[in-house]
Amino acid sequence: MIRRNFVKTALSLTATAALGIDSMATPQPAGKHSFKLKYGPHIGMFQNSAGKDPIDQLKFMADMGFTAFEDNGMMGRPVELQTQMGETMTKLGITMGVFVIDKGGNSQNTLAAGKKGNVDIFLDGCKRAVEVAKRTNTKWMTVVPGDFERNLPIGIQTGHVIDALRRGAEIFEPHGLVMVLEPLSDSPNLFLQTSDQTYEICRGVNSPACKILFDIYHMQKTEGHIIPHIDWCWDEIAYFQIGDNPGRKEPTTGEINYKNVFKHIYKKAQASNKTFVFGMEHGNSMPGKEGEEALIKAYVESDSFTV
């Protein structure tokens, strides 16, 4: 009942907006927004409208027209729930995006150190991730190499990271899976900071199982110049994440012109026959159902570019 009422509210927002949806876009069933790109919400983003049950939240996302989903913590969920969520997404036509490869409880594990114990933890996570990917019908898993090893030269650290990722790629390649490396802006201690550094590492690994997760929020903070960096790294990008800056909330709440960024990626992807999931890895700028309605409206607006 809650979801049904929210659908009515969202429909009224769409009717008043009439936001220039691409006439060539695939028609969506009545009651859904017709997004050009595969935006992927996460658990909790719509819990005021759909309730706390993950399955109900997935159904609500589909009701709103979202065709992707991501869940950083999927590896920590019970196997039965992983399977149920995977089956539900298949029925709803939702593409499962990334989950994070966990480090066996060792959040400080760094691949830059070149230590066998650290690499073993990483490889164990890769092996377990294969089984989670099968249950959830996903292709991409997020990898963060960890912190700098400051007593070693940067080139040596880079070599250690490449060596470890090559071994991870050997695990994923037979299954057609892809680990996506995410450069972050969270701390100056993190080894992986910029998109060009990540591009260089992917070239060094030289595997279809090792690509870039280009988080637009983090890259705006770290390097700016978003569209040129996307173009420079294009061949190695397999996944995008979203968040406006400052604040890491939905598009339209900060300084990034997401309508232009989305349009650029959309046209470039069409020309190169590529598709991407755009993980909505951000918070809501307003609380409650009103905030969830505002978030959906922001995506409708940002997706209203013409091509």
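The values are calculated or read from the model by the stated rules, or taken from the named source; none is laboratory data. This structure is a prediction, so every number in the text was calculated from the model and none was measured. Glycine also receives a Cβ, built like all others from the backbone with ideal geometry; neighbour counts cover every protein chain displayed.
Okay, here's what the table says:
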item: Search result, residues across the stretch 201-223 that are outside the structural domain of Val144 (by TED's automatic domain parsing) and surrounded by fewer than 19 Cβ atoms within 10 Å (Cβ to Cβ); result: Lys221, Thr222, Glu223
item: Qualifying positions in the stretch 80-95 - more than 13 Å from Arg135 (Cβ to Cβ), over 18 Å from the mean Cα position of the chain (by Cα) and of a type outside the set (D, E, K, R); result: Leu92
item: Test: residue in the stretch 67-79 that is in contact (Cβ under 8 Å) with a residue 40 or more places away in the chain and over 20 Å from the mean Cα position of the chain (by Cα); result: yes
item: Number of positions in the stretch 24-77 that are among the aliphatic types (A, V, I, L, M), surrounded by fewer than 19 Cβ atoms within 10 Å (Cβ to Cβ) and modelled with pLDDT of 95 or more; result: 1
item: Selection status of Ser207, over 19 Å from the mean Cα position of the chain (by Cα) and within 22 Å of Ile242 (Cα to Cα); result: no
item: Of all residues making up the stretch 185-205, the number that are in contact with a strand residue (DSSP E or B) (Cβ under 8 Å, 6 or more places away or on another chain) and under 28 Å from Arg135 (Cα atoms); result: 1
item: Within the stretch 228-260, tally of residues that are more than 24 Å from Ser285 (Cβ to Cβ) and touching a His at 6+ places or on another chain (Cβ under 9 Å); result: 2
item: Tally of residues being under 26 Å from Gln47 (Cβ atoms), free of Cβ contacts under 8 Å to residues at least 60 places away in the same chain and outside any loop (DSSP other than H, G, I, E, B) across the stretch 268-294; result: 2
item: Qualifying residue in the stretch 179-192 (condition: free of Cβ contacts under 8 Å to residues at least 24 places away in the same chain, surrounded by fewer than 19 Cβ atoms within 10 Å (Cβ to Cβ), in the same structural domain as Val132 (by TED's automatic domain parsing) and assigned to a helix (DSSP H, G or I)); result: no
item: Filtered residues of the stretch 230-267 (kept if in a helix (DSSP H, G or I) and of a type in the set (Lys, Arg)); result: Lys259, Lys263, Lys267
